[in-house]
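Note sheet for the following structure.
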């Protein structure tokens with residue numbers, strides 16, 4: 001038992017180091033591929049997928065494949081993700097890469113990988129995403145989104161939610177508290193894929209051209225949005 005607990009502590013201490021590690025272009029391309037797969041699977045989950053009404057209204061889509069959750073007295077969340085926003089003249093922006101990290105006091109012991117989709121639903125949420133750094137629950141409000149093929153008419157998600165979150169662990173939908181988590185620009189991944197540093201706003205407001213490696217991810221975003229609009 002002592003050995004198991006010590007191992008968990010070592011793993012958790014290593015999370016921060018993993019996120020600081022340099023990212024190669026191969027790492028980023030693999031993350032784009034994983035994000036494409038995660039988005040497809042979560043949107044199309046039978047009876048538990050993202051409602052068409054939510055997808056129709058989303059201004060930006062962000063995906064974190066394999067967000068690491070772990071804890072021994074102190075719980076932690078660490079992961080790298082990719083986002084894109086709808087442009088005023090149509091189409092979707094070049095991807096912006098980000099790191100999400102945070103922790104909260106808790107009594108859990110364990111480590112698991114969670115796939116996370118965040119949908120930005122209004123201009124205020126988009127304003128936060130365009131920044132190079134913001135805190136969920138402080139500056140930006142996030143809530144678990146409704147699930148199912150259609151969102152219930154009586155819910156207030158359309159009026160109040162800046163960011164709606166959908167998470168999946170071990171193939172099943174699971175709640176996750178992102179309160180206190182910090183989202184900031186992933187400089188290493190940005191340089192790896194674009195060949196230069198690029199502010200988040202420059203990518204998401206259409207000033208940058210999407211790299212070829214991002215085309216499948218952007219195509220999946222377009223596909224799910226078009227499908228939602230056709231329903």
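The values are calculated or read from the model by the stated rules, or taken from the named source; none is laboratory data. Quantities reported herein were computed from a predicted structural model and do not represent experimental measurements. In this analysis, Cβ positions are derived from the backbone assuming ideal geometry, glycine residues included, and neighbour counts consider all displayed protein chains.
Residues in segment 211-224 that are surrounded by 19 or more Cβ atoms within 10 Å (Cβ to Cβ) and either out of contact with any strand residue (DSSP E or B) (no Cβ under 6 Å at 6 or more places or on another chain) or more than 14 Å from residue 95 (Cβ to Cβ) (or both): 4 in all.
A single entry from 225, 196 fulfils the requirement of being on the phi < 0 side of the Ramachandran plot and assigned to a loop (DSSP other than H, G, I, E, B): 196. For the structure I just gave you, tell me whether residue 12 is touching a strand residue (DSSP E or B) at 6+ places or on another chain (Cβ under 6 Å), over 22 Å from residue 217 (Cβ atoms), modelled with pLDDT under 70 and assigned to a helix (DSSP H, G or I). Yes, satisfied. Residues in segment 144-193 that are part of a strand (DSSP E or B) and modelled with pLDDT under 85 were compared, and the one that is surrounded by the fewest Cβ atoms within 10 Å (Cβ to Cβ) is 172.
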